[in-house]
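Below: the structure, in structure tokens.
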Ligand code: NAD
């Protein structure tokens, strides 16, 4: 069965949906399935198939067959079709919130912002800019004035998209829509935790486009993802952890499949002694705990100047106590549960390690006994020092580690330590000081006096440095990333013979050297060379 043909559970009541009737005496092996659970209630949501290598290859073939007609459309026409998908995202917002909420435990307001608004914002950016971005551009021709050159942007063909679970609609639809705007077809592999969000993205996109086969959804686990990496797609956008990213890169090396890797982060904030502490504390709490800290750009570390450290911590603790965590669909809930049981264990292990090494948990720190789901409350830890997992590994949970520093230099050194480099924020009333710090941070993007906006502004290229990945999504760069840049050079003079061409004339060397000096030597030398050339016997 093709994943794109499965009736997802979101069309039905939220009870478990068996993929096939149970047949205990049958000798036919049942297809492998993913059992999806609502992490905020630990109740079953439904089952989705695990597609094997053959099914993934078939999906890629269908996408490949549909792509040429789509890629041949002018960008403006592609955008007109994609506008239908944009409308579908707006009209189906409640359904997206419900389907995604059930798989992730994310609160309704956060799903609406992170999985609907983010996609709509990105599409609006492309609607305004994609025609210009993808138009062919004239280029200079250097020392060859009798040539004309341009660069043209063409589709790659089929783009593979492997998505994580933390923003499962946005992180599948965002790269897929970018690929489609650029004229590609897409094959999306959603996370095993959130297949129904992936299937819903497929439904909304397939329903909008002239040929539904332009979008394929291949549900499954890591093996399905690996099959997609090795399927012969023309480029692959992988969003996920560093560990899986390395496996993806190794597998992609076999076929030299080009990659965009959007990997994990350990985002720091720097709080200077002249910062607006009320704003910085409020931002720290939102930036650390939105989506239960399960955002790649979550604030995980706060480096705070010693003179304001205690005041900042007090404000953070007061703000944290105001965060309302609960089942995602209850009124007034700010943040829901965590999404993944294994991730809760990882976070608790990091807290245990920090406590054993002298850190203090100031609020939170233990699973909530009053709720059945994966509820780990917002947690603030102080007296955190290097050598603790909390500062060295991605936490991907609702934990803010606060570290006292004595100077800007110390803060910068601490931010740049470690293998991640996704984004950061700097807090100071002195803009020059904040910009100087921002310039010295080894990250893909920095926000001054706010946070998380390196992802939130779709006009900006988003991505990491170091082990946070490479390649860019969003912005002009994101669209060009999923296009093939081809250069076209034309001769415009039609000379009978070019300067470069066999056989070389005995004087070619001298003439070329003269030309190099004339063109690239300093002006005084240019004059001398010209004069000497005039007096030289022929
Ligand atoms: P993950 O690496 O476990 O899985 C991501 C996807 O890869 C899933 O669809 C999974 O099925 C698939 N996969 C697993 N093994 C594979 C293999 N061998 N080959 C191909 N695909 C394979 O990540 P996750 O737990 O789903 O997501 C959380 C991680 O994602 C965090 O590290 C987070 O920081 C990162 N993330 C990064 C960004 C970004 O833009 N930089 C955005 C969101 C999340």
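The numbers here are math on the coordinates, done by the rules we state, and not lab data. Being a predicted model, the structure only gives us computed values, none of them experimental. With ideal geometry, Cβ positions are generated from the backbone for all residues, glycine too; neighbour counts draw on all protein chains shown.
May I ask you to sort 111, 454 by Cβ crowding, counting other Cβ atoms within 10 Å and putting the fewest first?
On the way: 111 28, 454 23.
Arranged by neighbour count, lowest to highest, 111, 454 become 454, 111.
For the stretch 267-457, give me the percentage of DSSP beta bridges that are antiparallel, rounded to the nearest 5 percent.
Details: 3 of 24 bridges.
Counting DSSP beta bridges with both partners in the stretch 267-457, the antiparallel share is about 10 percent.
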Calculated diffusion of the stretch 167-284, Stokes-Einstein form, Kirkwood radius summed over Cα pairs, 25 °C and 0.890 mPa s, µm²/s: 153 µm²/s
The stretch 387-538: radius of gyration over Cα atoms, expressed as a fraction of 2.2 N^0.38 Å: 1.85
Which value in Å is the Kirkwood Rh of the stretch 185-242 over different Cα pairs? 12.0 Å
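Assuming a viscosity of 0.890 mPa s and a temperature of 25 °C, what translational diffusion coefficient in µm² per second does Stokes-Einstein assign to the stretch 267-457, Rh being the Kirkwood radius over Cα pairs?
Numbers: Rh = 16.4 Å.
Answer, rounded: 149 µm²/s.
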Using alpha-carbon positions, what is the distance between the centroids of the stretch 99-135 and the stretch 149-204, in Å? 12 Å
Descending packing, highest mean Cβ count within 10 Å first, for 85-92, 113-120 is 113-120, 85-92
When a footprinting reagent is the concern and you count Cβ atoms within 10 Å, what order do 241, 107 take, fewest first? 241, 107
With every atom except the alpha carbons ignored, what do you get for Rg and Dmax of the stretch 63-158, in angstroms? 19.2, 63
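Would you please calculate the Kirkwood hydrodynamic radius of the stretch 102-231 over all C-alpha pairs and express it in Å, rounded to one decimal?
Numbers: mean 1/r = 0.0613 Å⁻¹.
16.3 Å is the Kirkwood radius here.
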Work out how far the C-alpha atoms of the chain reach from end to end along every principal axis, then list the three figures in whole Å, largest first. 99, 68, 39
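What relative contact order, as a whole-number percentage, does the chain give when Cα pairs under 8 Å and 6 or more residues apart are counted?
The value is 16 percent.
Sequence gap at least 6, Cα distance under 8 Å: using those rules, report the relative contact order of the stretch 267-457 to the nearest whole percent.
Values: 379 pairs, mean separation 52.5, N = 191.
Averaging sequence separation for qualifying contacts and normalising by length gives 27 percent for the stretch 267-457.
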Could you list 181, 97, 131, 75 so that the one with the fewest beta carbons within 10 Å of its beta carbon is first and the one with the most is last? 131, 75, 97, 181
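Highest first, please rank the peptides 172-179, 392-399 by the mean number of other Cβ atoms sitting within 10 Å of their residues. Could you put the intermediate results ahead of the total?
Working: 172-179: 29.0, 392-399: 24.1.
Going by the mean number of other Cβ atoms within 10 Å, highest first, we get 172-179, 392-399.
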Kindly provide the helix-only [θ] at 222 nm of the chain, computed as the sum of -39,500 (n - 2.57) over DSSP H runs of four or more divided by all residues, to the nearest 500 deg cm²/dmol? -12500 deg cm²/dmol
If you find the alpha carbon centre of the stretch 238-280 and of the stretch 310-350, how far apart are they in angstrom? 22 Å
Average the reciprocal distances over every distinct pair of alpha-carbons in the stretch 266-307, invert the result, and give the Kirkwood radius in Å. 10.6 Å
